[in-house]
Structure formats: structure tokens, C-alpha cells
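**Q** The structure is given below, and queries will be raised subsequently.
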Amino acid sequence: MAKLNSLVKKQKKSVLNRAIDFFFKSDYHTYLVGGYVRDNAMGIEPVDLDIVLEGDAIKAARQLNRNLKGDLQIYQVFGTATITVNNERIDLATARGEQYPNSARLPHVFPATIIHDLNRRDFTINAMAMSVSHHTFGEIFDPFNGLEDIRKGLIKVLHRNSFVDDPSRLLRAFRYKNRFDFKFEEKTRQFINEAVQIKLIDRLTGKRILNEINLIFDENDPGKIVRELSMYKFYPLSTKSIRIIERLSRDGRYYFVANIDYSKLPLSRSEKAIVQHFHKLDVIMKKLSKTQTKSSIFHILNDLEEPVRKAIVILQPKFELKFKIYRRLQKIKPFINGQDLKKIGLNEGPQFKKILSRIFDQQLDGKIKTRKQALDQIRLKA
Ligand code: CTP
């Protein structure tokens, strides 16, 4: 608690301090919760501010924002609001209890006390609250001994149904374990192994899985998380693929996706193209190894999406030179275009593209050095 109080004091003029001051003076029963309390207790500077209050969070958010003058977003259906001021974010929610009708579906939600609210959370280290109300300011509610688990370095669920209620917590568990270099508490590890047996992850929508994958690849060392997910048989990958992801680190997001069953993930068109290219990575690298002419280096690399190009250089630093060549060639403007062909008297048609591309390749390879030479070439063959 001492740590929490000193941090709050340190952030004197911050948005957080103004928000706390507002709630301290108000009659709301208000709490800092979740990652904020956890990170504070660990001596890590928290990024976002998560506030839960026993009462109408939306009404409170409107009042607070009159003071902060930030950007207020209201999510009426969830009873939540977000205020953003100069890149600082405050999430406000009404304390709520949840009942899960069946696994992996969204729960029924009802207004409740802070204790109910903590009861519905994922891990003990995320189920703590710190009061910012004047009568209990600084008091920590830690019904599941989250502080002790931080000391012991444990990821522990609150109850045996936690993963069944919300299977995305399985992926969150690996994320926190690796971020903090913690261990799974014994029972939690058993629940995780049971979850693998019954393929609990498959109950999640593609959107939620993709969201969790993205969060994993936002961590500092996603390769380590992927290695563990594979070890636990959530996403079994070959040793070679794991090594590649470890080397690519954050840039390995789509390589990972390409190596799992991604059929239900809602990938955008360009994301699908990236994944397809990652499937052919070996073939592409072989082709690039063999090729020597500037025009073919250009075409091989130009046909790829940027994340794939980036991955190739990380995996094979010997391609750096070819990559530099590509970057230079990218800036070259073709000497001639379709208008020039028309002026020469050629009829517009599919051959236009062929001629222009042939001339451009010769330009890239330095065989044609001026616009005049390009036009002469065409006239010669016309
Ligand atoms: N939470 C949960 N179950 C989930 C997602 C979230 O119980 N599937 C709860 C946890 O108490 C968590 C809080 O909601 O602390 C906020 O969630 P989130 O913003 O995802 O995580 P943070 O705790 O802020 O941690 P971080 O963003 O650093 O991962």
C-alpha cells in the first residue's frame, strides 16, 4: 500500500491525480482495479487507469470529464466509459457481477459491489482493488491474496471454472506468466492441461482469438510465449517454426498465424496475402538466393507484403544487399508510359503492359539508360 500511495503522490499533476481528486471529493465508492493495482504493487508504472465504481459509471464519467475536458466515449450497453486526455486513458465501469450462461459466451451482467466485481476476474494478481473514496482512501481489497501471489510469482485463477467461463484467459495466462516471468500455480496448471484436452480454445470466436494473438505479439518476447503454447499443445508448432518466430519476435505475428489453423480468424485481405506469402517463405528465399539480375530482385521483393520482406532480411541477413538494391530500384520512375506507345502508333491492348514491363526491366538492369534509348528500342521492334 505504501508503494501505491507514493505512486499516486508522484503523479501530482497528472490526469490520474485529477481523476482521483475528483472521486476523493465525490460520494461515489470508487476503486482503482485490475492491471493498475497489479503493476503498482510490482513497481511497474501502469499505462492505463482502470476505475470501477459502485454506482452509475457513465454519469460519473460525464461529471469527471467536465473537469478533465478530455475525449469521452460512452458504451451504454456495457455501462462503461473511456476518457482520453493527452494520450492518458481512464476506463470507468460500474461494479458488476457476471453469470456465464454457457462457456465462451458473453456473460449476463448485473450491478454489484466491488467484491462481486473482483470475484468475476481472471487471476488473483488482477483481482485487487484500491479505494480512492475519502472514507477508505488507499485501502486495498485483495480477497484472493493477489499481493501474496505477486510475491510468490504465481499466476492463479480464482476458481476452477475460470477458463471455461472465458477461454481467452488461457492465452492471457501465458501472456502474464511470460511478461512477469511467473509460474502457473499447481491447480491452475492442471486446469490449463484439462483445457487443452477438451480444446477449450476452439470455443472462442475467431475475432477473440485474433485479438489475443495480437496482444501476445505486442509483448516484449512473443517467441517465448509461442514456445510455451506449443509445449502445452495449444498450438503445436515444429521446432523450426518456433525458432523462426523467436527470431522474428514481434514481426513474427503473421508467420505464427500462417502456422496454425487460421480459417476462422477474421483476417483482412492484406493480412491474408501476408499469411499466404509466409506459407511460401522457403520457396521465395530460394528464388531470391539464386537471382542475380536487378529486375528479378525487384520483382521478387516487390510482389511481397512489407512484413514478409522485413522477415526475410531478419531471417537471412545475407539478403541485406539485395534488399538495399530493391529500395533503390523502388525509387526509379519508368522512362516511358502508355501515352508514349500510343504516340509511336501502337494500338492499345494487352501487349502494352508486356512492352512497358520489358522496357522497365531493361531500365532496372541498366541496359537502357535514357528515355531516348527506350523509345528507340520500341520503334525498332514496332
Ligand atoms: N479481465 C478478466 N478476464 C478477461 C479480461 C480481463 O477478468 N478475460 C479483468 C482483469 O481483472 C484485468 C482487467 O479485466 O485486470 C482489465 O483487463 P485488461 O485491460 O485486458 O488487462 P490489464 O489488467 O489492464 O493488463 P494488461 O493490459 O497490462 O495486460
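The values are calculated or read from the model by the stated rules, or taken from the named source; none is laboratory data. Computed from a predicted model, the values in this text were never measured in an experiment. Methodologically, a virtual Cβ is constructed for each residue, glycine included, from the backbone with ideal geometry; neighbour enumeration extends over all protein chains shown. Note: accessible area is taken over every heavy atom of the protein model, side chains too, but ligands, DNA and RNA are not part of it. Shrake-Rupley method; radii C 1.70, N 1.55, O 1.52, S 1.80 Å.
**Q** Can you tell me which residues in the stretch 296-309 are surrounded by 19 or more Cβ atoms within 10 Å (Cβ to Cβ) and under 25 Å from ILE378 (Cα atoms)?
**A** Matches in the stretch 296-309: ILE297, PHE298.
**Q** Does any residue in the stretch 125-141 that is touching a residue at least 12 places away in the same chain (Cβ under 8 Å) and within 16 Å of the ligand (Cβ to nearest atom) come within less than 8 Å, Cβ to Cβ, of a residue that is β-branched (Val, Ile, Thr) and open to solvent by 30 Å² or more (accessible area, probe 1.4 Å) six or more places away or on a different chain, and which pairs are these?
**A** Note: pairs meeting the criteria are MET128/ILE140; ALA129/ILE140; MET130/ILE140; PHE141/ILE115.
**Q** Just for the stretch 145-184: of the residues that are crowded, with 21+ Cβ neighbours inside 10 Å and in a loop (DSSP other than H, G, I, E, B), which one is nearest to the ligand (Cβ to nearest atom)?
**A** Here the answer is ASP166.
**Q** Here are some residues: ALA60, ALA81, ALA93. Which one is under 30 Å from GLY153 (Cα atoms) and either open to solvent by less than 20 Å² (accessible area, probe 1.4 Å) or not assigned by TED's automatic domain parsing to the domain that holds LYS187 (or both)? Steps first, please.
**A** Numbers: ALA60 fails: under 30 Å from GLY153 (Cα atoms); ALA81 fails: under 30 Å from GLY153 (Cα atoms).
Selected residue: ALA93, the only one of ALA60, ALA81, ALA93 that is under 30 Å from GLY153 (Cα atoms) and either open to solvent by less than 20 Å² (accessible area, probe 1.4 Å) or not assigned by TED's automatic domain parsing to the domain that holds LYS187 (or both).
**Q** With the structure loaded, tell me whether ILE201 is within 28 Å of PRO46 (Cβ to Cβ), surrounded by 15 or more Cβ atoms within 10 Å (Cβ to Cβ) and either more than 14 Å from the chain's Cα centre (by Cα) or in contact (Cβ under 8 Å) with a residue 24 or more places away in the chain (or both) or whether it fails that test.
**A** On the way: within 28 Å of PRO46 (Cβ to Cβ): no; surrounded by 15 or more Cβ atoms within 10 Å (Cβ to Cβ): yes; either more than 14 Å from the chain's Cα centre (by Cα) or in contact (Cβ under 8 Å) with a residue 24 or more places away in the chain (or both): yes.
For ILE201, the condition - within 28 Å of PRO46 (Cβ to Cβ), surrounded by 15 or more Cβ atoms within 10 Å (Cβ to Cβ) and either more than 14 Å from the chain's Cα centre (by Cα) or in contact (Cβ under 8 Å) with a residue 24 or more places away in the chain (or both) - is not met.
**Q** Closer than 28 Å to PHE24 by Cα, of a type outside the set (Val, Ile, Thr), within 15 Å of the ligand (Cβ to nearest atom) and crowded, with 20+ Cβ neighbours inside 10 Å - does that describe any residue in the stretch 99-117?
**A** yes
**Q** I'd like to verify a number: residues in the stretch 345-376 that are open to solvent by less than 50 Å² (accessible area, probe 1.4 Å) and not acidic (Asp, Glu), how many?
**A** Total meeting the criteria: 14.
**Q** I've got another one for you. Within the set of pairs 6 or more residues apart or between chains, which connect a residue that is free of Cβ contacts under 8 Å to residues at least 40 places away in the same chain and surrounded by 14 or more Cβ atoms within 10 Å (Cβ to Cβ) inside the stretch 310-334 to a residue that is assigned to a helix (DSSP H, G or I) and among the basic types (Lys, Arg) with Cβ atoms less than 7 Å apart?
**A** Partner pairs satisfying both residue conditions: ILE325/LYS294; LEU329/LYS294.
**Q** Every residue in the stretch 29-42 that is open to solvent by 40 Å² or more (accessible area, probe 1.4 Å) and closer than 19 Å to ILE115 by Cβ, please.
**A** Once the filter is applied, which keeps residues that are open to solvent by 40 Å² or more (accessible area, probe 1.4 Å) and closer than 19 Å to ILE115 by Cβ, the stretch 29-42 yields only HIS29.
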